[in-house]
Amino acid sequence: MAHSHLGMVTDGRYIYVVTGQYGPQCRGPTARNFVLDTKTKQWQDLPPLPVPRYAPATQLWRGRLHVMGGSKENRHTPGLEHWSIAVKDGKALETEWRTEIPIPRGGPHRACVVFDDRLYVLGGQEGDFMAKPGSPIFKCSRRNEVVYDDVYMLDDDMTWKVLPPMPKPDSHIEFAWAIVNRSLVIVGGTTEKHPNTKKMTLVGEILQFQFDTQVLFLIFNNLMVFTLS
């Protein structure tokens with residue numbers, strides 16, 4: 001099973017763990033997938049993805065486990081692919097993943113949410129650290145990263161719709177959200193590099209996306225903010 005940069009979603013009992021990085025530093029990804037039954041505490045295998053990905057958007061929607069985007073095998077190149085597989089009670093009902101409509105913009109570290117039978121994907125980035133060429137320990141080497149504010153929605157038409165953008169670019173938010181009433185609340189994340197130090201900047205805001213108006217706005221901006229090397 002992947003150690004980091006995996007996709008994860010739960011229906012309340014079963015936790016689906018999808019693809020991701022196997023090992024420390026910037027090692028390669030695995031295409032293997034698993035499901036944990038939190039009642040019996042037992043793990044089971046799921047069919048592997050056609051190809052592995054880093055940190056793909058992952059969600060359960062209409063009886064299927066959806067996996068989309070993420071970074072390709074080199075950890076840096078954005079992936080556009082979108083696959084799904086039918087699941088029920090922690091078991092795959094199919095032996096192979098089905099190809100779905102590609103996501104308009106690839107990349108990892110996005111929020112992926114289902115509400116009112118619609119699938120939403122918010123934020124994310126293009127690019128990430130890569131293994132330094134020739135490094136025996138796959139030491140991470142920085143590459144250019146572009147954090148974005150894109151918001152997409154998939155509904156009955158099975159066509160990605162572009163919604164109004166986020167108030168600011170935001171990444172690393174795949175597990176930084178919660179649905180409150182009829183809104184999606186996103187806390188923190190990472191955004192553009194600091195203009196002077198060029199270090200990654202952490203988001204100090206709380207954002208709210210209203211599902212009825214499909215508009216995302218700032219509701220709080222006094223969190224402590226740091227920069228990362």
Considering residues that are part of a loop (DSSP other than H, G, I, E, B), more than 15 Å from the chain's Cα centre (by Cα), modelled with pLDDT of 95 or more and among the aliphatic types (A, V, I, L, M), the number found within the stretch 1-31 is 1
Checked the stretch 74-102 for anything under 26 Å from L36 (Cβ atoms) and in a strand (DSSP E or B); matches are H82, W83, S84, I85, A86, V87, K88, K91, A92, R98
Exercise. For P52, indicate whether it is in a loop (DSSP other than H, G, I, E, B) and either of a type in the set (D, E, K, R) or within 17 Å of the chain's Cα centre (by Cα) (or both).
Key: yes
Taking the stretch 32-49 and keeping residues exposed (fewer than 15 other Cβ atoms within 10 Å of the Cβ), in a strand (DSSP E or B) and of a type outside the set (D, E, K, R) leaves Q42, W43, Q44
Inside the stretch 169-182, the number of residues satisfying the requirement of being over 18 Å from T58 (Cβ atoms) and surrounded by fewer than 17 Cβ atoms within 10 Å (Cβ to Cβ) is 3
State whether one or more residues within the stretch 66-88 are among the polar types (S, T, N, Q), closer than 22 Å to Y148 by Cβ and surrounded by 22 or more Cβ atoms within 10 Å (Cβ to Cβ).
-> yes
Restricted to the stretch 152-167 and to residues being surrounded by 12 or more Cβ atoms within 10 Å (Cβ to Cβ) and without any contact (Cβ under 8 Å) to a residue 40 or more places away in the chain, the residue farthest from F217 (Cα to Cα) is D155
Those strands (runs of 3 or more DSSP E) completely within the stretch 125-222 that have 3 or more residues that are over 21 Å from S71 (Cβ atoms) are 177-180, 183-187, 206-210, 215-220
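So which residues in the stretch 109-124 are assigned to a strand (DSSP E or B) and either touching a Cys at 6+ places or on another chain (Cβ under 9 Å) or of a type outside the set (D, E, K, R) (or both)? Quick ask: steps written out before the conclusion?
In the first step, residues of the stretch 109-124 are kept if they are assigned to a strand (DSSP E or B); the result is 111-115, 118-122.
Hits for the stretch 109-124 are A111, C112, V113, V114, F115, L119, Y120, V121, L122.
The values are calculated or read from the model by the stated rules, or taken from the named source; none is laboratory data. Please read these numbers as outputs of a predicted model, since none were measured by experiment. Here the Cβ is made from the backbone with ideal geometry for all residues, glycine too, and neighbour counts use every protein chain on show.
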